[in-house]
Every structure is written in structure tokens, then in C-alpha cells.
Amino acid sequence: MTKVKVGIIKEGKVPVDKRVPLTPKKCEEATQEFPGLEVLVQPSEVRCFSDEEYAELGIPLQQDLSNCDVLMGVKEVPVDQLIPNKTYFFFSHTIKKQPHNAKLLRAILDKKITLIDYELLTDKDGHRVVAFGRYAGIVGAYNGILTYGKKHKLFDLKPAYLCHDMDDMQEEFFKVKLPPIKIAVTGGGRVAGGAMEVLDMMQIRKVSVFDYLYKQFTEPVYAQLHSGDYNRRPDVEVWDSPDFYTHPELYESTFRKFTRVTDLLLACAYWNPQAPKLFSEEDTRQPDFKIDTIADITCDVDGSIPTTRRATTIPDPVYDYNPATGELEAPYSSESNITVMAVDNLPCELPRNASRDFGRNIIDYVFPQFFNNDEGGMLARATIAKDGKLTEKYSYLQEYADSAVSAIN
């Protein structure tokens with residue numbers, strides 16, 4: 001029978017991430033479900049689950065993981081911590097040639113490491129199987145409501161990162177007392193789903209796009225907007241989703257109709273750089289531009305939301321955009337500014353819940369591949385590098401990797 005020894009590594013990237021690929025209970029569950037699986041955990045003083053919580057369930061703690069077959073983390077592993085000839089799972093942030101990670105990919109090739117990126121793990125239909133998107137949506141929507149409440153001096157919510165977990169955060173929901181505002185949620189994936197979970201739990205009513213645009217309400221409401229609700233192709237009458245995703249550059253934004261009625265925008269939609277932006281900076285200067293608070297949950301800097309000029313941090317999540325000058329200002333500095341929340345690592349604010357969800361996906365989708373010879377090719381599709389070489393699908397990264405001087409010379 002196949003035996004696989006998995007090591008959960010201590011996160012080394014700074015600022016440090018408190019999430020884990022497997023919580024103590026998920027380690028226990030995984031080893032019961034897969035008798036050939038052994039899980040070791042590298043001690044860490046920063047994880048959201050303490051070493052004691054692992055030890056209590058009999059999960060071995062071990063500093064040296066060099067005898068493991070597979071090493072799993074969350075964020076990029078610092079180059080000097082990479083163990084040669086191992087198989088690693090983490091979010092490498094290399095496939096878009098992110099400049100700060102060229103050295104990392106170079107080191108992975110030099111050290112003959114097999115790199116499997118969580119972001120690339122998909123089922124046969126191309127859907128991602130492990131992601132933190134739902135918690136980005138949950139925390140992002142909460143932060144959006146928190147920001148709106150603070151801007152208009154309506155209520156003060158405890159920041160999500162100061163809550164022990166989601167149950168603790170939900171205790172804050174009773175403070176939310178909103179006037180009859182309209183909230184727009186863009187997107188149809190995991191992130192938008194997480195955002196709508198929070199709005200539903202806050203008992204904010206969901207309405208149709210038509211009613212959202214044309215009716216008045218006496219209570220706060222929200223609408224979910226899909227790509228077809230705010231984009232159009234000028235030469236085609238009927239909306240065609242596959243065409244939009246294939247040729248986004250042929251489309252123009254019709255989001256302007258929403259800017260006239262929306263108070264709070266929760267941006268959760270994946271954005272292709274060739275697709276139109278939702279609105280322009282010029283639009284924000286129009287007298288009928290109503291949006292005054294934006295939670296850019298997808299956080300594409302200079303992306304679909306032109307007021308997102310930079311990402312923010314968990315302790316300092318917000319800045320103001322002054323439409324008149326186009327400049328960024330201190331948060332909540334003027335009623336006429338647009339207040340923007342653009343934290344780019346939202347799931348880290350509820351690390352215990354996000355880690356539980358993530359571990360569930362690892363057990364359901366990834367671990368079975370270790371014992372069925374990667375039937376269906378899920379691991380193969382997500383492998384960026386192996387035996388010192390890029391795999392065929394990711395060979396386009398060669399020049400990018402070569403741009404970094406060999407990290408071990």
C-alpha cells in the first residue's frame with residue numbers, strides 16, 4: 001500500500017500568515033480516512049491553531065521535515081527555507097510572472113523541487129477545488145458594512161481580525177442598523193457567495209436587478225450583478241457569456257446605470273484586464289454618481305475599480321478617494337470622498353474558519369489523488385515545476401525564472 005508522509009510547514013513569509021492547510025481536527029480526520037497517510041506539523045508560534053491543539057490530538061510536532069514526501073504551506077516559502085528534491089504545495093503567485101517571485105521560481109528549479117500550486121488545482125471541468133474565496137467574500141462584505149457604518153457614524157463594528165472566529169464576528173451583526181440604502185454585489189463565484197451569506201445573515205433583503213434599478217425601498221436591499229447586467233457588446237443584441245469571456249475587449253461597461261442608485265459597492269467579480277472597467281474616474285465626478293463606499297474584495301489595483309489605487313492592510317484597511325482631485329486622502333476625511341476598503345488578504349482575518357474550509361477541500365479533493373495515482377490528472381495539471389524543469393504548460397515562465405540570478409550560486 002502507498003505510504004505518504006505530509007509535513008505542514010511553518011509559514012515563513014513576512015508579514016506572517018496565521019492560516020494553515022490542515023487544522024488539528026482535519027489532520028486527525030485525514031489520517032483516519034487515508035490509512036497510508038502520516039501528517040507531521042512543524043511547530044509555530046504564530047498559527048491560529050496552537051502547537052498544543054495539534055499535540056492534544058496526537059499529531060506529531062517535528063522541527064525537521066526533511067523526511068517528508070510532501071510539504072504543505074499556505075503562502076510562498078522563503079528561498080532559504082526550501083528543501084531540495086521535495087514536493088511542495090503552496091500559493092506561489094508566479095503564473096502571472098509576479099516580479100517579486102521570480103527568485104522563488106528560479107530556486108525551485110535549481111533545487112529540483114516539484115511545485116504544485118493550489119490555485120491551479122481544478123476538476124475535469126476546470127473549476128478550482130481548493131480556495132479561500134468564500135472567506136474573502138465573508139470578511140470583505142463585513143468590512144464593507146463596517147466601513148459604511150463608520151463613514152456615516154451609524155455604528156461601530158469590531159474588526160473581523162479581532163474576532164476569535166466567525167461565531168464571534170456574527171455577534172456583531174445585531175449592531176448593524178442601516179437606512180434604506182442599496183448595496184450592489186458584483187460576481188457569481190465563491191467570493192460573491194461569501195459576501196451574500198453575510199448580507200443574508202444581517203437580514204438585508206435581496207431584490208431583482210430590475211427592482212434594484214427602478215424601485216424605492218423603505219429598508220436596505222442588495223442585488224447580485226452578473227457580467228451581463230453591466231457590460232454590452234455594441235454590435236450584438238443578445239448577451240452571450242462565453243463570448244464575453246473569450247473577447248472581453250469587444251465590450252463596453254453599462255455600469256453607469258448602477259452608479260446612480262448604489263450607495264455601497266461590494267466588488268467580488270473576477271476581472272480580465274482586457275474587459276472594460278466598471279466606471280471611470282470622470283464618472284465619479286458626475287453629480288449623480290451616488291456610490292460613496294466601495295469594498296474592493298477582489299482588490300485588483302488599477303483594475304475594474306479605478307479608485308483602487310493601492311492595496312490596504314488588515315490593521316489599516318481603508319483610504320478615501322477624492323473625486324475632485326483624483327488624489328487619495330486619509331480615511332473618512334470628507335463626506336464627499338469615496339471611501340475604499342482594499343485589503344488584499346481578507347481570509348487572514350478569520351484564519352480559523354478559513355483554514356477549516358480549506359482543509360475540508362484538501363481532504364475531499366487532493367489527498368485522494370495521492371492514493372489513486374492522480375486519476376484524472378488533477379495534480380499533473382497543477383504542477384508548475386518538476387525535476388529542475390518547468391512543465392510543458394508553464395514553459396512560458398522560463399524567461400521569467402531566468403530573469404532572477406540563480407538563487408543558490
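The values are calculated or read from the model by the stated rules, or taken from the named source; none is laboratory data. Remember, predicted model here, so these are calculated numbers, not experimental data. Cβ sites come from the backbone with ideal geometry, for glycine too, and all protein chains shown count toward neighbours. Heads up: the accessible areas ignore ligands, DNA and RNA and are worked out on the full protein's heavy atoms, side chains in. Shrake-Rupley method; radii C 1.70, N 1.55, O 1.52, S 1.80 Å.
Summary of computed values
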quantity: Anisotropy class of segment 353-404 from Cα gyration tensor, a/c 1.5 cut; calculated: oblate
quantity: Cα shape, segment 331-374, gyration tensor, a/c 1.5 rule; calculated: prolate
quantity: Lys, Arg +1 and Asp, Glu -1 on Cβ, resulting dipole of segment 230-297 about Cα centre, debye, nearest 20; calculated: 160
quantity: Cut-off under 5 Å, modelled amide H: who pairs with residue 86 long-range; calculated: 114
quantity: FRET efficiency estimate (nearest 0.05) - Cβ-Cβ, residue 51 to residue 371, R0 22 angstrom; calculated: 0.20
quantity: Built amide H within the under 5 Å cut-off of residue 343, gap 5+; calculated: 312
quantity: Surface accessible to a 1.4 Å probe, per residue, for the residues of segment 299-409, Å²; calculated: 45
quantity: Among 148, 254, 136 - extreme Cα towards positive end, dipole of segment 114-268, charges at beta-carbon; calculated: 148
quantity: Cross-link partners of residue 3 among lysines (Cα-Cα below 19 Å; sequence separation of 8 or more within a chain); calculated: 26, 86
quantity: Pairwise label distance in nanometres, residue 124 with residue 83, each label 7 Å out on the Cα-Cβ vector; calculated: 3.5
quantity: Residue-count net charge about residue 232 - beta-carbon cut-off 13 Å; Lys, Arg +1, Asp, Glu -1; calculated: -3
quantity: Around residue 260: net Lys/Arg minus Asp/Glu count, Cβ-Cβ under 9 Å; calculated: +2
quantity: Environment charge of residue 39, counting only residues whose C-beta is closer than 13 Å and scoring Lys/Arg +1, Asp/Glu -1; calculated: -1
quantity: Dipole-positive endmost among 405, 68, 126 within the chain (Cβ charges, Cα centre); calculated: 405
quantity: Segment 123-190 and segment 297-317: distance between their alpha carbon centers, rounded to Å; calculated: 16
quantity: Count of lysine pairs in segment 118-200 with Cα separation under 14 Å (8 or more residues apart, or interchain); calculated: 7
quantity: Tensor-based shape of segment 127-273 (alpha-carbon gyration tensor, a/c under 1.5 rounded, otherwise prolate or oblate); calculated: oblate
quantity: Antiparallel content of DSSP bridges confined to the chain, in %, to 5; calculated: 30
quantity: Extended-chain gain in nm, criterion 0.36 nm per residue less alpha-carbon gap, residue 395 and residue 336; calculated: 16.3 nm
quantity: Estimated dipole of segment 161-280 in Debye, rounded to 20 [Cβ of Lys and Arg +1, of Asp and Glu -1, Cα centre]; calculated: 500
quantity: Theoretical gain in end-to-end length, residue 33 to residue 93 [0.36 nm per residue, Cα-Cα removed]; calculated: 18.5 nm
quantity: Packing-based ranking, highest mean first, of 67-76, 319-328 given that Cβ atoms within 10 Å are counted; calculated: 67-76, 319-328
quantity: Simple Cβ-charge dipole of the chain, Lys/Arg +1 and Asp/Glu -1, about Cα centre, in debye nearest 20; calculated: 160
quantity: Net lengthening on full extension, residue 62/residue 272 (0.36 nm per residue, minus Cα-Cα); calculated: 71.3 nm
quantity: Apportionment of accessible area to carbon and sulfur, the chain, percent (1.4 Å); calculated: 50
quantity: Distance in nm between pseudo-label sites at residue 211 and residue 286 (7 Å out along the Cβ direction from Cα); calculated: 2.6
quantity: Fraction of the pair-distance distribution of the chain above 28 Å, Cα-Cα pairs, percent; calculated: 52
